[in-house]
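Shown next, in structure tokens, is the structure this report addresses.
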Amino acid sequence: MNRRLLHPGRRLTNPALPLAARRAHGYLVRMERADKIAPSILSADFARLGEEVARVERAGADLIHFDVMDGHFVPNISIGVPVLESLRKVTRLPLDAHLMIENPEKYVEVFVKAGANSVSVHAEVCKDIPAMAKRLHDLGARASIGINPETDVERVLPFAEHLDMILIMSVHPGFGGQGFIPAALDKLRIVRRELDRRGLALDIEIDGGVKLGNIADVKAAGANVFVSGSGIFGHPDYTAIINQMRDKIAHAGASVRK
């Protein structure tokens, strides 16, 4: 029996991980495809990053989305291992590392050891998706593959049974605060339909331009992990905006089930 059908994302905890990462291990063994809100710290106030993470954790966020950019794969440079390692010490939430970098195979281990619970690498720079997924699983992390707006879903779908999540970019990666690309909705529908057809209970993460005004459409199209940067950190009350997003998601889910 294919364990992926019954236990997507189930892993043994890596004892080398920091304590807080092991406390977040429930994220790795969660069986149901729950809806999850993932604030992207790229839009947070970096002068008080630890406080910002604590605020969204108290507000009800499900995980922290951590964008890594190298200035090569994308035209910007962001943050890296030391910052992730520091945040691991101040939050029990799962850390969702999104590696927008070239040669990700050289760096996935250090990010997992620093405390990342889930790692997304991009199909555009991943030569062997099954091998990358196996390596991440062996390290004790969830394996995710991302695709840019111009990349066809067929670049990742043939390897879905090896993965825990597929990440659909709804902006061109590199900078926060961009507008949502509507064509991403069609990609979500295609991916969710194919995963359902094959009986694969993977998460589908959407990243880029997700805000209160479009999160219901994104949910209805098939996403269940919602990355939002300025849509959350640009709001004065994190609890209020996350609760409003959950309400939109719940109503969208009810509409889909009808």
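Nothing in this text is a laboratory measurement; each read-out follows from the coordinates by a stated rule. Just so you know, these numbers come straight off a predicted model, no measurement behind them. Note: ideal-geometry Cβ built from the backbone for every residue, glycine included; neighbour counts use all protein chains shown.
Sequentially through segment 186-198, phi angles give Karplus couplings (6.51, -1.76, 1.60; θ = phi - 60°) of 5, 4, 4, 4, 5, 5, 5, 4, 5, 5, 5, 4, 8 Hz, Gly and Pro residues having no value and appearing as x. Convert 37 °C to kelvin, take the viscosity as 0.692 mPa s, use the Kirkwood radius over C-alpha pairs of segment 50-143 as Rh, and evaluate the Stokes-Einstein diffusion coefficient in µm²/s, rounded to a whole number. Diffusion coefficient, whole number: 242 µm²/s. A full extension of the chain between LYS106 and ALA34 corresponds to an added length of 22.8 nm, given 0.36 nm per residue minus the alpha carbon distance. Spatially close Lys pairs in segment 140-258, defined by Cα atoms under 15 Å apart and a spacing of eight or more places or different chains, total 5.
Distances between placed amide hydrogens fall under 5 Å for SER170 paired with ASP207, GLY208, all partners being 5 or more residues away or on another chain.
Loop-located GluC sites (Glu not before Pro) in segment 91-147 (DSSP state not H, G, I, E or B) with no more than 16 neighbouring Cβ atoms inside 10 Å: GLU102.
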